[in-house]
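Since the structure comes first, as structure tokens, the remarks are kept for the end.
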Amino acid sequence: MNLPGDINLTTALSVWRRNKTEYSHSWMTNILPNFFDPVLYLLGMGLGLGMFVGRGVGGLTYIEYIAPGLMAASAMQGASFETTYNVFVKMNFARLYDAYLATPALIQDIAFGELLWAVTRGLIYGMAFMIVLGGFTLFGHRILISPFAVLLPVAMALTATMFALIGLTFTASIRNINYYGFYYTLWLTPLFLFSGIFFPLNDPKIAGGHGETIAWFTPLFHCVRLMRALAQGPLDWTHAASALIVLGVIAALFVIVPRRMRRRMVS
Amino acid sequence: MADPAVKAVNLRKNYGDFVAVDGIDFEIQRGECFGFLGPNGAGKTTTMRMIYRASPVGSGSLLILGHEAAQGHRDRAIKGRIGVVPQEDNLDTELTLRENLQVFARFYGLSKAQAATRTDELLEFVQLREKADAKAFQLSGGMKRRALIARGLLGDPELLVLDEPTTGLDPQARINLWERLRDLKRKQATLILTTHYMDEAEQLCDRLVIMDKGKIVAQGAPKALIREHVSSHVVEVAVSAQSGRLQSNGRVETPGVSSDGVVASVSELTSMAKRHEQHHDRLLLYVDNGEEVVTRAAQLLPDAETLLRRSTLEDVFLKITGRGLIE
Ligand SMILES: Nc1ncnc2c1ncn2[C@@H]1O[C@H](COP(=O)(O)OP(=O)(O)OP(=O)(O)O)[C@@H](O)[C@H]1O
Ligand SMILES: [Mg+2]
């Protein structure tokens, strides 16, 4: 079966399956550390810092406020790690893509298979974290309180897809693994800190009141506000706009990534 | 006659300004074993990669199993029918040998159950059953090559491209593999292989080309090539046993001893040969009257080691390129 962009699903799923096979050996070392990341932020910032942020944000306690955004960050991190270091190693050191290319797989199939896998991994992290949040909700925290919370996995999938594609774009553009230092410290970390997870961006004290306007041009911000609205409400048309922006980025990168990878890999 | 398995016309490939394949023509018939020989950097792997569609055609025409490959539009159709044993080991080091094969089988559209059956068959075929659950990095060099061969056969290919399939194999494993390749040929598969082993090419290849610096410098059946390019026999004389060194100018340097006698002997011998070559301390005399020359050599240079042997492809290569195959 072929998808748009001449992507063959059989070979793309074979790429996905290879990663699943590897993961089944190493999930203890692979999944657990990354899963603890948002949980630690939730506890450290939410409970710890929350004690000093007595008034909370917009009627929510501090832990309630940051929880949905951390879910977005968790999906972002899962997908990013996969399409940065892991893809780079397979492409450059393990020469695994050369082996794939000797089968009926074409480059776009490999890119799509890796994308599917990265989204799977982002969803695994996001869902695991969502279960933790479900526990907090049961104990009286107002975290997953809107009926639209059932749509959170969709928002996670969108988040993971977008960041997987951004990661693949970067990976297809570099020749040295050390460049990821920049990708993480100058790109993902600032996004994590300044996308409205930890403090509201529409406060007049932030960027002269333009914080949110600036954030509209950054990717994680839209994921965070989608998650927050789905988990806790209220949803309005601006969230549809955010979803469309994410979809637009996905569509554009979906075209760009196979081209970049082809240019990078084929000689 | 059926259309050829592969036909190249003026096939070229550049890497930047460097010309790796410089306008070659060849035609490989279905069911034959076709060899590519040549020194390091001759362009063999580059040609193989164009055939198995991992690398775009530079220019010219390349017809593979009835599809024109130059534009790349038919790659998926072509690749489904080709098996590949690459020169470089690219087994998946994170997976076991069995997982390697099962995972790659799925790329050819096999179901999970079919992949498992095919994996077992092929592990048997390359005699690696007992290593099925070892991680790929735990295999020895020769085992890795055999694993790559098994992987290349997963799709039950009509055309199998083997880039130095036996490099690193022990003699027993090599002979076993030759037998396996002959089995495949009996099943009408077309085999393309590159090798640095002349005996392998003579044993396996129906026809072959010799490449050098991106060009094809000779082609034909091994026996015909030998007949065409060199005499039937070679007399080898190892002059170093004379406790002297044969110089590149044909003089022999023997400390403290006059070398004029040796030089005269060497020149008499070379005059008896159709052609001669020197490689370090070895003098190679290409002759049709082998017995006569080897007898004379033993008389003239009693301390030298002399040897009469049939001509081989290596002699053809030496003649054509003027240097050894393995530098
Ligand atoms: N990706 C590449 N980029 C640049 N140059 C390349 C590339 N691949 C091969 N070459 C060059 O092309 C030439 C032919 O290389 P190729 O690998 O085809 O040789 P070969 O005949 O297979 O040699 P060997 O017997 O050593 O395997 C060499 O000079 C090599 O350096
Ligand atoms: Mg080679």
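The values are calculated or read from the model by the stated rules, or taken from the named source; none is laboratory data. Here the structure is a predicted model, which is why all the values come from computation and not from measurement. Reconstructed Cβ throughout: ideal geometry from the backbone, glycine too, with neighbour counts over all protein chains shown.
Here is a yes/no grid of residues against (1) within 16 Å of the chain's Cα centre (by Cα); (2) buried (at least 16 other Cβ atoms within 10 Å of the Cβ):
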{"position": "A:Ile145", "(1), (2)": "no, no"}
{"position": "A:Ala149", "(1), (2)": "no, yes"}
{"position": "A:Phe163", "(1), (2)": "yes, yes"}
{"position": "A:Gly167", "(1), (2)": "yes, yes"}
{"position": "A:Ile174", "(1), (2)": "no, yes"}
{"position": "A:Leu193", "(1), (2)": "yes, no"}
{"position": "A:Gly196", "(1), (2)": "yes, yes"}
{"position": "A:Phe199", "(1), (2)": "no, yes"}
{"position": "A:Ile206", "(1), (2)": "no, yes"}
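Looking across the stretch A:118-143 at every residue that is in a helix (DSSP H, G or I) and β-branched (Val, Ile, Thr), the one that is surrounded by the fewest Cβ atoms within 10 Å (Cβ to Cβ) is identified as A:Ile131. For the condition within 16 Å of ligand 1 (Cβ to nearest atom) and small (Gly, Ala, Ser), what is the one hit in B:Gly168, B:Gly152? Of the residues listed, the single one that is within 16 Å of ligand 1 (Cβ to nearest atom) and small (Gly, Ala, Ser) is B:Gly168.
Within the stretch B:73-104, the set of residues being part of a helix (DSSP H, G or I) and more than 11 Å from chain A (Cβ to nearest Cβ) comprises B:Leu97, B:Leu101.
For the criterion of being within 16 Å of ligand 1 (Cβ to nearest atom) and at pLDDT 95 or above, B:Gly35 passes.
Can you say whether B:Glu179 is acidic (Asp, Glu) and under 14 Å from the mean Cα position of the chain (by Cα), as far as the supplied structure shows? When the stated conditions are applied, B:Glu179 does not pass them.
If you check B:Gly80, B:Gly66 for being within 18 Å of A:Ser14 (Cβ to Cβ), more than 16 Å from ligand 1 (Cβ to nearest atom) and in contact (Cβ under 8 Å) with a residue 40 or more places away in the chain, only one passes: B:Gly80. The lone criterion from (1) away from ligand 2 (no atom under 16 Å from the Cβ); (2) surrounded by 19 or more Cβ atoms within 10 Å (Cβ to Cβ) left unmet by B:Val85 is number (1). Counting only strands (runs of 3 or more DSSP E) that fall entirely inside the stretch B:161-243 and contain at least 2 residues that are hydrophobic (A, V, I, L, M, F, W, C) and within 16 Å of ligand 2 (Cβ to nearest atom), the qualifying elements are B:190-194, B:207-212.
Scan the stretch B:14-39 for residues that are without any contact (Cβ under 8 Å) to a residue 60 or more places away in the chain and within 14 Å of another protein chain (Cβ to nearest Cβ) and the total you get is 5. Taking A:Leu42, is it surrounded by fewer than 16 Cβ atoms within 10 Å (Cβ to Cβ) and in contact (Cβ under 8 Å) with a residue 24 or more places away in the chain? Spelling it out, it is not the case that A:Leu42 is surrounded by fewer than 16 Cβ atoms within 10 Å (Cβ to Cβ) and in contact (Cβ under 8 Å) with a residue 24 or more places away in the chain. Scanning the stretch B:67-92 for residues that are more than 27 Å from the chain's Cα centre (by Cα) and not small (Gly, Ala, Ser), we see that the one that is farthest from B:Arg129 (Cα to Cα) is B:Gln71. Scanning the stretch A:17-34 for residues that are hydrophobic (A, V, I, L, M, F, W, C) and surrounded by 20 or more Cβ atoms within 10 Å (Cβ to Cβ) yields nothing. The set of residues from the stretch B:135-149 being surrounded by fewer than 16 Cβ atoms within 10 Å (Cβ to Cβ), away from every other protein chain (no Cβ under 12 Å) and more than 20 Å from the chain's Cα centre (by Cα) comprises B:Gln138, B:Ser140. Only one entry of B:Gly152, B:Gly109 meets the criterion of being within 14 Å of another protein chain (Cβ to nearest Cβ), of a type in the set (Gly, Ala, Ser) and in contact (Cβ under 8 Å) with a residue 60 or more places away in the chain, and that entry is B:Gly152.
One residue alone among B:Leu225, B:Leu160 is touching a Gly at 6+ places or on another chain (Cβ under 6 Å), away from ligand 1 (no atom under 16 Å from the Cβ) and modelled with pLDDT of 90 or more, and that residue is B:Leu160.
As a summary of the residue check, B:Asp303 satisfies the conditions (1) assigned to a helix (DSSP H, G or I); (2) touching a helix residue (DSSP H, G or I) at 6+ places or on another chain (Cβ under 8 Å); (3) more than 30 Å from B:Gly38 (Cβ to Cβ); (4) not polar (S, T, N, Q) except for the one numbered (1).
For the stretch B:115-138, the condition of being within 16 Å of ligand 1 (Cβ to nearest atom), closer than 30 Å to A:Leu9 by Cα and part of a helix (DSSP H, G or I) holds for none of the residues.
All told, B:Ala70 falls short of being within 16 Å of ligand 2 (Cβ to nearest atom), farther than 25 Å from B:Leu225 by Cβ and in a loop (DSSP other than H, G, I, E, B). Of all residues in the stretch B:46-66, those being away from ligand 2 (no atom under 16 Å from the Cβ) and surrounded by 16 or more Cβ atoms within 10 Å (Cβ to Cβ) number 9.
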